[in-house]
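The values are calculated or read from the model by the stated rules, or taken from the named source; none is laboratory data. Bear in mind the structure is a predicted one, so any value in this text is a computation, not a measurement. Reconstructed Cβ throughout: ideal geometry from the backbone, glycine too, with neighbour counts over all protein chains shown.
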Amino acid sequence: MNRILLIILGVVSAVLVVVLFIAYLLIMRPYNVMVEKDETVSSQWSFVESSYQRRADLIPNLVNTVKGYAEHEKSTLEEVVAARASATSVKIDAKNLTPEAIANFQKAQEGLSSSLSKLLVVVEKYPDLKANQNFLELQSQLEGTENRINTERNKFNVAVMDFNTYIRKFPNNVTAGMFGFSKRGYFEAAAGSEKAPEVKF
């Protein structure tokens, strides 16, 4: 009788070990990897936001410098200021990086890029402004910022692709559904622009 009981306990223990191992492989391990990849996406998003904020912080100085030389370009300067306000008003929580949220953020930023491009065309009419030391420094900082934005967006897209691919694979997609992990949005190239805005004064 004791021998039969020991065999039953042994079989139950073996089954339990197998079930726990399968649960680890199919649920716990994928969940932990999803958490890590999710945190990587969120972390990379903070670098994207920081780069865009750096650009927004440069704009008031740029507008004030241009204003001193190009008073007749009031409407262009106002457009840049309004576009900056619009771009900085769009905030996204790192836990809500849906394709729609990213598209809205990108649209606001593209509006600012477009306004800056118009300002750059205006600057060409003012050679004294183009020679101003403060303006040249702002030009250099803005160029660096645009490059940083492009770099951080690319890194963000890589992190998102890694996360999205992982949660869509079977059986990870089951675990992702159980714990509410969903696809994140990408930055996409704006229509007609295959590269970051070129900043030349």
(message) Which numbered condition in (1) surrounded by 14 or more Cβ atoms within 10 Å (Cβ to Cβ); (2) modelled with pLDDT under 90; (3) closer than 20 Å to Ser42 by Cα is the only one that Asn96 fails?
(response) (1)
(message) Can you list residue pairs whose Cβ atoms sit under 6 Å apart, with the first residue in segment 96-119 being under 22 Å from Leu62 (Cα atoms) and without any contact (Cβ under 8 Å) to a residue 40 or more places away in the chain and the second being of a type in the set (Asp, Glu) and surrounded by 14 or more Cβ atoms within 10 Å (Cβ to Cβ)? Count only pairs 6 or more apart in sequence or on different chains.
(response) Ser115/Glu79
(message) If a residue must be buried (at least 20 other Cβ atoms within 10 Å of the Cβ) and over 15 Å from Phe187 (Cα atoms), how many such residues does segment 151-168 contain?
(response) 1
(message) Would you confirm, using the coordinates I've provided, whether Val122 is over 23 Å from Gly185 (Cα atoms), assigned to a helix (DSSP H, G or I) and at pLDDT 85 or above?
(response) no
(message) Out of Thr88, Thr76, Thr175, I need the residue that is assigned to a helix (DSSP H, G or I), touching a Pro at 6+ places or on another chain (Cβ under 6 Å) and touching a residue at least 12 places away in the same chain (Cβ under 8 Å). Which one?
(response) Thr175
(message) Suppose we keep only residues that are small (Gly, Ala, Ser) and within 16 Å of Glu143 (Cα to Cα) within segment 26-62. Which one would you say is surrounded by the most Cβ atoms within 10 Å (Cβ to Cβ)?
(response) Ser51
(message) Can you confirm whether Ile149 is among the aliphatic types (A, V, I, L, M), within 13 Å of the chain's Cα centre (by Cα), in a helix (DSSP H, G or I) and modelled with pLDDT of 90 or more?
(response) yes
(request) Answer with yes or no whether Ser75 is small (Gly, Ala, Ser), loosely packed, with under 14 Cβ neighbours inside 10 Å and at negative phi. (result) yes
(request) Give Ala83, Ala23 a once-over and let me know the one that is of a type in the set (A, V, I, L, M, F, W, C), surrounded by fewer than 13 Cβ atoms within 10 Å (Cβ to Cβ) and either at negative phi or in contact with a Ser or Thr (Cβ under 8 Å, 6 or more places away or on another chain) (or both). (result) Ala23
(message) So in segment 127-150, with the set limited to residues that are over 19 Å from Pro60 (Cα atoms) and in contact (Cβ under 8 Å) with a residue 40 or more places away in the chain, which one is surrounded by the fewest Cβ atoms within 10 Å (Cβ to Cβ)?
(response) Asp128
